[in-house]
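Just below is one structure, and these are the notes that go with it.
Please treat every number below as a calculation from the coordinates, not as lab data. Please read all numbers here as calculations on a predicted model, not as lab measurements. Counting neighbours? That spans all protein chains shown, and the Cβs are built from the backbone with ideal geometry, glycine included.
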Amino acid sequence: MTTSSSTTIKSPIVVALDFPTAEQALAMADQLDPTLCRMKVGKELYTATGPMILEQLHKRGFEVFLDLKFHDIPNTCAKAVGVAADLGVWMVNVHASGGERMMVAAREELEKKSHKPLLIGVTVLTSMERSDLAGIGLDIDPIQQVERLARLTEKSGLDGVVCSAQEVKLIRDICGKEFLTVTPGIRPEGSDIGDQKRVMTPRQAKEAGVDYMVIGRPITQNYDPSGVCLLTIQSIEFMRN
Ligand SMILES: O=C(O)c1cc(=O)[nH]c(=O)n1[C@@H]1O[C@H](COP(=O)(O)O)[C@@H](O)[C@H]1O
């Protein structure tokens, strides 16, 4: 197992490497600096490459968030999280809507491991708005469901949640500052929102107290990915939480 070199990274940026091949993903990674960002490997890339992509990113010095959003019966979810730990990733996630028993089982599985990634619960996807929740039988605002699932995630012993930056102030009030918030749906000023619904700029996210900002297309589809990464860091560097 090759794990990342755990350089001290102060940057909150996690770059979503959403690519269909290892070649494309690594070409992007090679333009970015492991002291300025971490990498997220999600369903598209991992389905194409399997664990080799993690090894390759670790060799380059990146810490990796394995974003497979496990959501299954407790035993299956826990075992999958355990395998992710054995692969040396920095962070792994499960869907909080899988429930308390599923999340507790995942937490307990990690306790058996020598390497324990951060374990994060996905609340309500940042691509969803009120009408999407109505479509799955939840007649409430996303923030209400995020609050409910954040409380459950904390109770289950996880390290934090994935949510939108719009909900971070509330979560910090409820769960405290040690409970991590990981926020996709980050859009630098002027960039395309795409399929995201609950978005914020990096400055707004920093102001709200976000711990980690997941940014994909605004960096990876830009002609100058490292420039966008650096500018984003500079834009939030001197702000206080
Ligand atoms: O768990 C995630 O990372 C995730 C959760 C969520 O609620 N919304 C969300 O967009 N993501 C991921 O974050 C990334 C966002 O990418 P961009 O929209 O291109 O910035 C994608 O890889 C999504 O799979």
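Among the chymotrypsin sites (Phe, Trp or Tyr not before Pro) in segment 179-240, those placed in a DSSP loop whose Cβ has at most 14 other Cβ atoms within 10 Å are Y223, F238.
Taking the beta-carbon count within 10 Å as an exposure proxy, list S164, S11 from fewest neighbours to most.
Fewest-to-most Cβ neighbours within 10 Å comes out as S11, S164.
May I ask for the net charge around K112, where only other residues with Cβ less than 14 Å from the Cβ of K112 are counted and Lys, Arg are +1 while Asp, Glu are -1? Spelling it out: positives minus negatives among the neighbours equals 0. The trypsin sites (Lys or Arg not before Pro) of segment 154-228 meeting both criteria, a DSSP state outside H, G, I, E and B (loop) and at most 12 other C-beta atoms within 10 angstrom of the site's C-beta, are K177. Beyond 27 Å, the tail of the calculated P(r) for the chain holds 31 percent of the Cα pairs.
Taken one residue at a time, the phi angles of segment 181-198 give Karplus couplings (6.51, -1.76, 1.60, θ = phi - 60°) of 10, 10, 10, x, x, 8, 10, x, 2, x, 8, 5, 6, x, 8, 7, 10, 9 Hz. Gly and Pro are set to x. Here's how it looks for K40: its modeled amide H is under 5 Å from those of V15, A16, L17, F65, which are all 5 or more places away or on a different chain. Taking the Cβ of S127 as the centre, find all other residues whose Cβ is under 11 Å away and add up their charges (Lys, Arg: +1; Asp, Glu: -1). Neighbour charge sum, excluding S127 itself: -1. Could you compute the net charge surrounding I73? Neighbours are other residues with a C-beta less than 11 Å from the C-beta of I73; K and R count +1, D and E count -1. Result for the local shell: +1.
Ranked by the mean number of other Cβ atoms within 10 Å per residue, highest first, peptides 24-32, 85-93 order as 85-93, 24-32. Taking Cα centre as origin and charging only the Cβ of basic (Lys, Arg, +1) and acidic (Asp, Glu, -1) residues, the dipole magnitude of the chain rounds to 420 debye.
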